[in-house]
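Here is the structure we will look at.
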Amino acid sequence: MPLTSPNPAALALASSFLLAAFLTYCCWSPPNPNPSGPNAALPEDHFGINHRGIQVKRFVTLSLWTLHILVTTSYADLPAILCPNSNNLSRALFTWSPYTIVALMSIVIAAPVRLLAFRQLGENFTFRLAKPKVLVKTGLYAYVQHPSYPTNWLILTSNVALLLRLDGILGCLLPSCVVRWGMWSGGLRVWPTLLVIMGVFGLFGVGIRVKDEEAMLKREFGREWEEYHRKTKRFVPGIF
């Protein structure tokens with residue numbers, strides 16, 4: 001059977017997915033090494049991620065993005081070797097749709113903000129909390145105290161929504177009964193419930209990380225931090 005060339009819309013979507021994968025990889029790559037030394041000498045950090053955890057997270061995410069992009073480019077004539085159970089796939093995940101547009105836009109908007117936070121904090125930005133040398137109060141930090149956390153949550157949620165749906169890439173390997181049971185068309189709708197739970201858990205994790213970070217900043221900078229904390233909002237300028 002002759003191969004069918006991807007149409008321009010499929011190529012454009014695959015290119016957009018490639019951009020989203022690249023931005024995700026950049027946002028999940030530490031701008032600076034994590035602090036070293038005994039844990040007792042480091043600030044308390046309940047959700048700090050180590051080097052191995054970062055590597056695993058990036059490898060799994062890029063692998064899923066690669067498969068998602070390959071399926072997108074050949075969705076009109078999907079070979080069985082690439083996706084044995086193609087009947088499980090939702091068209092909304094591999095073609096231009098409100099779902100893919102919202103997920104892509106979330107990543108494309110959130111990622112530059114997080115990367116700009118990397119740049120503006122400079123050597124003070126580490127994935128595991130470390131004592132900063134200065135309290136940065138310029139750039140993004142003139143308006144909000146934690147610009148990178150809500151954007152990272154949005155990037156993570158968008159990746160999960162695109163890559164871990166049962167009728168997405170995972171559906172290529174799962175039995176049809178599992179996909180129907182777990183998605184909206186099934187009785188228990190497990191996957192949508194899990195997405196909400198993961199989103200809430202992610203927000204809970206952000207809250208704990210912010211609490212740890214603010215306790216450290218208060219110890220390090222005292223009244224300077226308290227004054228800055230009083231004048232700015234945590235996540236959304238002038239609101240929250």
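The values are calculated or read from the model by the stated rules, or taken from the named source; none is laboratory data. Just so we're clear, the structure is a prediction, and the values are computed from it rather than from any experiment. Here the Cβ positions follow ideal geometry from the backbone for every residue, glycine too, while neighbour counts run over all protein chains shown. Side chains are part of the model used for accessible areas, which takes the heavy atoms of the whole protein and leaves out ligands, DNA and RNA. Shrake-Rupley method; radii C 1.70, N 1.55, O 1.52, S 1.80 Å.
Couple of notes before you dig in:
- Failed criterion for Leu170 (all others in (1) within 23 Å of Gly53 (Cα to Cα); (2) open to solvent by 10 Å² or more (accessible area, probe 1.4 Å); (3) in a loop (DSSP other than H, G, I, E, B) hold): (3)
- Matching residues, segment 41-70, being in a loop (DSSP other than H, G, I, E, B) and either modelled with pLDDT of 90 or more or over 16 Å from the mean Cα position of the chain (by Cα) (or both): Leu42, Pro43, Glu44, Asp45, His46, Asn50
- Pairs linking a residue in segment 101-127 that is in contact (Cβ under 8 Å) with a residue 40 or more places away in the chain and among the hydroxyl-bearing types (Ser, Thr, Tyr) to a residue that is part of a helix (DSSP H, G or I) and open to solvent by less than 20 Å² (accessible area, probe 1.4 Å), with Cβ atoms under 8 Å and 6 or more positions apart or on different chains, are Ser106/Ile155; Ser106/Ser158.
- Residue check, Val56 closer than 18 Å to Glu213 by Cβ and exposed (fewer than 14 other Cβ atoms within 10 Å of the Cβ): no
- Residues located in segment 131-144, provided they are in a loop (DSSP other than H, G, I, E, B), of a type outside the set (D, E, K, R) and over 13 Å from Lys218 (Cα atoms): Val136, Thr138, Tyr143
- When Ser158, Ser185 are checked against the criterion of being at pLDDT 95 or above and either open to solvent by 70 Å² or more (accessible area, probe 1.4 Å) or in contact with a Ser or Thr (Cβ under 9 Å, 6 or more places away or on another chain) (or both), a single residue qualifies: Ser158.
- Lone unmet requirement of (1) assigned to a loop (DSSP other than H, G, I, E, B); (2) touching a residue at least 40 places away in the same chain (Cβ under 8 Å) for Asp212: (1)
- When residues in segment 80-98 are screened for being open to solvent by 40 Å² or more (accessible area, probe 1.4 Å) and either among the basic types (Lys, Arg) or in contact (Cβ under 8 Å) with a residue 60 or more places away in the chain (or both), 7 of them pass.
- Check on Gln145, over 20 Å from Ile239 (Cα atoms), touching a residue at least 12 places away in the same chain (Cβ under 8 Å) and polar (S, T, N, Q): no
- Filtered by the rule that a residue be among the small types (Gly, Ala, Ser) and open to solvent by less than 20 Å² (accessible area, probe 1.4 Å), segment 203-240 gives a lone residue, Gly205.
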